[in-house]
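Notes follow the structure.
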Amino acid sequence: MNKKDNIILIGFMGCGKSSVGYRLSYAMRRTLIDTDKLIEKQQDMTISQIFRDKGEQAFRQMETDCIKGLIKTADRQIISTGGGLPMKEENHALLKQLGTVYYLKVTKEAVYERLKGDTTRPLLQGDNPQGKIEELLAKRAPVYEACADYVIEVSDKSFEEIIGEICKKEKVRQ
Ligand code: S3P
């Protein structure tokens, strides 16, 4: 199947996928799809409820089903993904098929600053969120890199700068 013309944002929790996606959709006049929101809507449950009642494995399967569905329906859209979605090997080929993948790369310090006090991410709850961020990010960063067509450093940049970089790359690409 041919590669679709979607822009896909991947990266760690708190890297700004949803906020960048929102602004990018406005700048490029493309609609925004957020896989977490889509799954919450389909399940009529929050992510925390899904993790609690159905478990992480079930959520990961929902993510794979979600991108499989988007391959059939989405075109010329901005797709913001959950931070763990690229961790499943099977999803790499699906993401490549779905569109051009941008990895929003963030430092652990920036993630901690942005997400301290957050209660909506089940994987960062508990005693030592800083340690969890560090451990997960170290494990995930190489996978995000491997999955991405482009890497955009985001920690010290304004939204305008990030959007500008992505738009420039898209112009060159097209
Ligand atoms: C997760 C990231 C979350 C959400 C879920 C699991 C992860 O999305 O999908 O809590 O495994 O990194 P965000 O990256 O939008 O926070």
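The values are calculated or read from the model by the stated rules, or taken from the named source; none is laboratory data. Keep in mind that what you see is a predicted model, and the values were worked out from it rather than measured. In this analysis, Cβ positions are derived from the backbone assuming ideal geometry, glycine residues included, and neighbour counts consider all displayed protein chains.
If a residue must be more than 12 Å from the ligand (Cβ to nearest atom) and free of Cβ contacts under 8 Å to residues at least 12 places away in the same chain, how many such residues does region 23-55 contain? Quick ask: steps written out before the conclusion?
In the first step, residues of region 23-55 are kept if they are more than 12 Å from the ligand (Cβ to nearest atom); the result is 23-33, 41-45, 53-55.
Applying the additional criterion that residues be free of Cβ contacts under 8 Å to residues at least 12 places away in the same chain yields 26, 29, 41, 44-45, 53-55.
Selection size over region 23-55: 8.
Evaluation of Gly83 against the conditions (1) more than 10 Å from the ligand (Cβ to nearest atom); (2) in a loop (DSSP other than H, G, I, E, B) shows that the sole unmet condition is (1).
Quick one: how many residues across region 1-57 are in a loop (DSSP other than H, G, I, E, B), among the polar types (S, T, N, Q) and at pLDDT 95 or above?
Filtering region 1-57 down to residues in a loop (DSSP other than H, G, I, E, B) leaves 1-5, 11-16, 29-31, 44-46, 54-55.
Now drop any that are not among the polar types (S, T, N, Q), which leaves 2, 31, 46.
Subsequent filtering for residues that are at pLDDT 95 or above retains 31, 46.
Result for region 1-57: 2.
Just to be sure, is Ala74 surrounded by 15 or more Cβ atoms within 10 Å (Cβ to Cβ) and touching a helix residue (DSSP H, G or I) at 6+ places or on another chain (Cβ under 8 Å)? Against the criterion (surrounded by 15 or more Cβ atoms within 10 Å (Cβ to Cβ) and touching a helix residue (DSSP H, G or I) at 6+ places or on another chain (Cβ under 8 Å)), Ala74 qualifies. Being in contact (Cβ under 8 Å) with a residue 24 or more places away in the chain and surrounded by fewer than 17 Cβ atoms within 10 Å (Cβ to Cβ) is the requirement here; does Gln125 meet it? When the stated conditions are applied, Gln125 does not pass them. Does any residue of region 61-70 turn out to be in contact with a helix residue (DSSP H, G or I) (Cβ under 8 Å, 6 or more places away or on another chain), free of Cβ contacts under 8 Å to residues at least 12 places away in the same chain and assigned to a helix (DSSP H, G or I)? The answer is no; no qualifying residue exists.
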